[in-house]
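A short worksheet on the structure shown next.
Each reported figure results from applying straightforward, stated rules to the coordinates on display, with no laboratory input. Please read all numbers here as calculations on a predicted model, not as lab measurements. Reconstructed Cβ throughout: ideal geometry from the backbone, glycine too, with neighbour counts over all protein chains shown.
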Amino acid sequence: MKGLLEYTEGNTFIHRMNPLVKLLLALCVCAAAFASDSLAFLAALLAIDLALGAAGGVFGKALRLLAGLLKAGLLLFVLQLLFFREGRPLFLFVTDEGALTAAKLALRFIAACMPLALMLGLTRTGDLTNALVKTAHVPYKYAFTLSAAIRFIPLFMSEMEGVMEAQASRGVDFDGGPLKKIRLALPLCVPLLMISVRKIDGSAVAAEARGFNLRGRASGYKDYPLGTADLPAAALCAALVALGIIT
Amino acid sequence: MISVKDLTFVYEGARKAALSGVSMEIRQGGFVGVIGPSGAGKTTLLSCMNGIIPHHFKGDYYGSVKICGKDTFDCSLTELSLVAGTVFQDVDGMLINATVEDEVLYGLENFGLPKAEIAARLEEVLEEVGIAGLRRRSISTLSGGQKQKVAIAAVLALRPQILLLDEPTGELDPASSRLVFSLLKRLNRERGITVVAVEQKIMLLSEFASELAVMSEGRLEFFGPVREVLRHSEELEKIGVNCPRVVALSRELEKRGLTAGTLCVSVDEAEAEVRRVLEG
Ligand SMILES: Nc1ncnc2c1ncn2[C@@H]1O[C@H](COP(=O)(O)OP(=O)(O)O)[C@@H](O)[C@H]1O
Ligand SMILES: [Mg+2]
C-alpha cells in the first residue's frame, strides 16, 4: 500500500485540471457509487476510475490500488454472504440474493474509494488546500486540517513499516498469513498512533512558526482558474450522479 | 536583540530542569554557536527564543526572554514568527508540504508577500542553498540531507531578522555543511541577520561563529567570543566538547613558550603560526 496515496508528479491534463473540479469529480463518482443499485453501472464506474488513472499516467498505481481494495472488498463480500439470509439458497449458506447484494456492496465500496485515492495521487495537497481557501472560501484552518489528515495516512504507514522492520530485524517473524500479520501489528497501533499524533502536533507548531495564522484568502501565490478540461469534467460529474440515481 | 535573563525551565511532568539559570545577551548582528552534549538543553534554549516555550510547551518557567525588547510571554507565536525564523531539529516534522517548491512557498504565502516578490525570493533561495534542481521533487523522495536543505531554504526565504537553527547540518556531508555555514555567515555579514546555531561540529563553529555558548546539563557553562571560550579546552573536554585539533596544537605551542597569546581557530591561522615558529 506504500506510496499509493501520495502525489505522483506529472503534466497530464488531469494534473492540470482545477483541484476543486478534481475533488468534485471524485466526490461525484463516490456519490454515484452509493446511489446506484446496478452491478453494470458500478463496474462502469470502476472502468472510469481506471481510465482516469490511465489518463493521469498512473495506470500501474491505479491497478495496485484496485488490488489492495479488492482484498478489503473480498472481506466485505464474505461477511455479507455470511449474514444475508434472504433469497433462494445456492450452496451452503449462500443465497442468490445474498451473493448479488454482497457483490454490489463490495463493488460499491471499491468504486467509492478508488476515485478519492486517485484524486489524492493526482493533486498536490497544497493546491487542493489553496484552491479550497481561495476559490471555495473555506477558512484556511479547516483546509489545513484536511491536508494534515491526508498527510497523516502515509506518515502513519511509514511509521508502521519502520517499526515492523525494526521488530523483524530483532527476530519477530512477520511472514505468514494476513491474520498472523494483523495479530502481530495490532499491539503496535496505539504507540504508533501516539508517535504520529505527536508528529502532526509538532508540524502544527512549525506551521505556526512560519506564519500559519497570517494566512488570508488573498495570500495564495498560485491562482486556480478553470481550464479547458474542467467544463467537460463538471458535465461528467453531473451525468454520473444522475445515472447513479437512475440505475 | 535577544536577551535571556535567569531563565529556568522545567518541562511539565519532568523532574529535572531542562534549563537552569541561563543568562545571555545576544547583540544584533551576532553569530552565536551553541554546543554541548545531547540533553544539555540546547533545543530547549532555542524553543524559549522562538516562543514555542511557553506558548506551546507548558512547564515551570522562571526568568525572561526578550526578543527585540519584547518579552516572549507577551507576544504570540505569530508575532514572533515575523522576527525570528526557526529551522527545527526534527526536519521531517517541519516539512508540511508535498513538494520542495510548495514548502518554500508556504511561509511566503502566509506572510502575504506580493507575487513578484515571492517568485524572486523562491528563485534566489533555491539557488543559494543549492537545491534548484530539486524544485519539483516530492519531499517524501528526498534524502535526509536534502530535506535539511529544503527546511533551511524555507526559513531563509522569509528573511527573518533572527535565524535560529537547531543542528541544521546533522545529516549533511562536510561539503554541504560548510556551504550552509558560509551562507549563514554571508547573510550575517551582508544583511546583519542575527544567527543562533546549535551545532555539534565544533570546527564549523570556530570558523564561522563569532561567539560560542557551551551548555551542559541545562546550564550555560561558557559564553563569549569563540577564541576566549576555546581557551578553556580542558574544561570543555570534561563537559564532552572536543576542541578543534588546531586549537590543541596552538595551546601546546603556547604551553611550550613558542607562541604568546594568540589562539588559532582555523587551519590557515595554525599554518601561519607554525611557519612563524619554525622560521623564528
Ligand atoms: N517535550 C519534553 N518534555 C519533557 N522533557 C523534555 C522535552 N524535551 C526535552 N526534554 C528534556 O529536557 C532536557 C534537555 O533537552 P534538549 O533541550 O532537547 O537537549 P539538547 O537539544 O541539548 O539535546 C533533556 O533532559 C530532555 O530529556
Ligand atoms: Mg536538541
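For the charge dipole of the protein assembly as shown, defined by +1 on Lys and Arg C-beta atoms and -1 on Asp and Glu C-beta atoms about the Cα centroid, which residue among A:133, A:63, B:196 has the Cα displaced farthest towards the positive pole?
With unit charges placed on the Cβ atoms, the residue in question is A:63.
In square nanometres, what is one fourth of the surface area of the convex hull spanned by the alpha carbons of the protein assembly as shown?
Result: 31.1 nm².
With charges only on Cβ, +1 for K and R and -1 for D and E, what is the dipole size of the protein assembly as shown about its Cα centre, in debye, rounded to 20? Walk me through the intermediate numbers first.
Working: 56 positive and 56 negative charges, 171 e Å.
In total the dipole reaches around 820 debye.
Work through the residues other than residue A:114 whose Cβ is under 14 Å from its Cβ and net out their charges, Lys, Arg +1 and Asp, Glu -1.
Once all neighbours under 14 Å are counted, the net charge is +4.
Any idea how far apart residue A:100 and residue B:242 come out in nm if each label point goes 7 Å out from Cα toward Cβ?
7.8 nm
Positive end of the charge dipole of the range B:95-157 (Lys, Arg +1 and Asp, Glu -1 on Cβ, about the Cα centre): tell me which of B:129, B:99, B:144 has its Cα farthest that way.
After comparing all options, I get B:144.
Could you calculate the FRET efficiency of residue B:132 with residue B:82 from 1/(1 + (r/R0)^6), where r is the beta carbon distance between them and R0 is 41 Å, rounded to 0.05?
Once the sixth-power term is evaluated, E becomes 0.90.
7 Å from Cα along Cα→Cβ at both residue B:219 and residue A:184: what's the point-to-point distance in nm?
4.9 nm
Under 15 Å between alpha carbons, and skipping anything fewer than 8 positions from residue B:66 in its own chain: which aspartates and glutamates qualify?
Straight-line reach from residue B:66, under 15 Å: B:6, B:25, B:74, B:79.
Based on the Kirkwood radius over alpha-carbon pairs, what value in µm²/s does the Stokes-Einstein equation return for the translational diffusion coefficient of chain B at 10 °C and 1.306 mPa s?
Details: Rh = 19.8 Å.
Value of D from the Cα-based Kirkwood radius: 80 µm²/s.
Can you give me the Cα centroid spacing of the range B:252-273 and the range A:66-111 in angstrom?
Centre-to-centre distance over Cα atoms comes out at 83 Å.
Is the C-alpha gyration tensor of the range A:103-247 telling us rounded, prolate or oblate? Criteria: a/c under 1.5 is rounded; beyond that, a/b larger than b/c is prolate, otherwise oblate.
Oblate is the answer for the range A:103-247, as a/c is 1.5 or above yet b/c matches or exceeds a/b.
Let me know the shape class of the range A:136-219, please: from the alpha-carbon gyration tensor, a ≥ b ≥ c as square roots of the eigenvalues, rounded when a/c is under 1.5, otherwise prolate if a/b is greater than b/c, or oblate.
Since a/c reaches 1.5 and a/b is larger than b/c, the shape of the range A:136-219 is classed as prolate.
Can you work out the FRET efficiency for the pair residue A:43 and residue A:170, with r the C-beta to C-beta distance and R0 = 56 Å, to the nearest 0.05?
0.75
How big is the dipole moment of the range A:26-110 about its Cα centre under a simple scheme where the beta carbon of each Lys and Arg is +1, that of each Asp and Glu is -1, and everything else is neutral? Debye, nearest 20, please.
Approximately 260 debye in magnitude.
Could you sort out which of A:141/B:70; A:71/A:180; A:141/B:58; A:22/A:222; B:5/B:42; A:71/A:181 sit more than 19 Å apart by Cα distance in this structure?
A:141/B:70; A:141/B:58
Taking amide H atoms as placed 1.01 Å from N in the peptide plane, list the residues 5 or more away in sequence, or in a different chain, whose amide H sits under 5 Å from that of residue A:90.
A:95, A:96
Are there trypsin sites (Lys or Arg not before Pro) in the range B:206-274 that DSSP marks as loop and that have at most 14 other Cβ atoms within 10 Å, and which are they?
B:256
With θ set to phi - 60°, apply the Karplus curve 6.51 cos²θ - 1.76 cosθ + 1.60 along the range A:104-117 and write out the HN-Hα couplings as whole Hz, x wherever there is a Gly or Pro.
So the J values, rounded to whole Hz, are 5, 4, 5, 5, 4, 4, 5, 5, 7, 7, 3, x, 5, 5.
Per-residue mean of other chain beta-carbon atoms within 10 angstrom of the beta-carbon, peptide B:90-96? Could the numbers behind the result be given before it?
Details: counts 4, 1, 5, 10, 7, 3, 14.
Across B:90-96, the average partner-chain Cβ count within 10 Å equals 6.
Given N residues in the range B:95-157, what is Rg(Cα) / (2.2 N^0.38 Å)?
Dividing the Cα radius of gyration by 2.2 N^0.38 Å gives 1.00.
If you count the DSSP beta bridges with both ends in the protein assembly as shown, what percent of them are antiparallel, to the nearest 5? It would help to have the intermediate numbers written out before the result.
Details: 24 of 41 bridges.
Just about 60 percent of them are antiparallel.
Check the straight Cα-Cα distances from residue B:255 and name the lysines below 28 Å, setting aside those fewer than 8 residues away within the same chain.
Filter leaves B:201, B:238.
Pairs of alpha-carbon atoms within less than 8 angstrom and 6+ residues apart define the contacts here; what relative contact order does the range A:1-144 have, in percent?
Values: 161 pairs, mean separation 53.9, N = 144.
Relative contact order comes out at 37 percent.
For chain B, what does the relative contact order come out to in percent, with C-alpha contacts under 8 Å and a separation of six or more?
Contact order relative to length: 23 percent.
If one computes the Cα centroid of the range B:59-118 and of the range A:5-59, what distance in Å separates the two points?
37 Å
Which of rounded, prolate, oblate describes chain A, given a ≥ b ≥ c as roots of the alpha-carbon gyration tensor eigenvalues and a/c under 1.5 marking rounded, otherwise prolate only if a/b is larger than b/c?
Taking the square roots of the gyration eigenvalues as a ≥ b ≥ c, chain A is oblate.
Work out the mean other chain Cβ neighbour count within 10 Å for the residues of A:215-224 and drop it here as an integer.
On the way: counts 6, 3, 0, 1, 7, 6, 12, 6, 1, 0.
Mean shielding by partner chains, rounded to a whole number: 4.
Taking only the alpha carbons of the range B:33-86, what extent do you get along each of the three principal axes, in Å, biggest first?
Ordered largest first, the range B:33-86 gives principal extents of 31, 25, 18 Å.
If I take every Cα pair under 8 Å that is 6 or more residues apart in the range B:180-280, average their sequence separation and divide by the length, what percent do I get for the relative contact order?
19 percent
Kindly rank B:86-99, B:119-132 from highest to lowest mean number of other beta carbons found within 10 Å of each residue.
Result, highest mean first: B:86-99, B:119-132.
Can you give the FRET efficiency for residue A:213 and residue A:88, using 1/(1 + (r/R0)^6), R0 = 51 Å, r = Cβ-Cβ distance, to the nearest 0.05?
0.20
Where nothing but the Cβ of Lys and Arg (+1) and of Asp and Glu (-1) is charged, how large is the charge dipole of chain B around its Cα centre, in debye to the nearest 20?
Computed about the Cα centre, the dipole is about 180 debye.
So for chain B, taking the charge dipole from beta-carbon charges (+1 Lys/Arg, -1 Asp/Glu), which of B:226, B:215, B:85 sits furthest toward the positive end?
B:226
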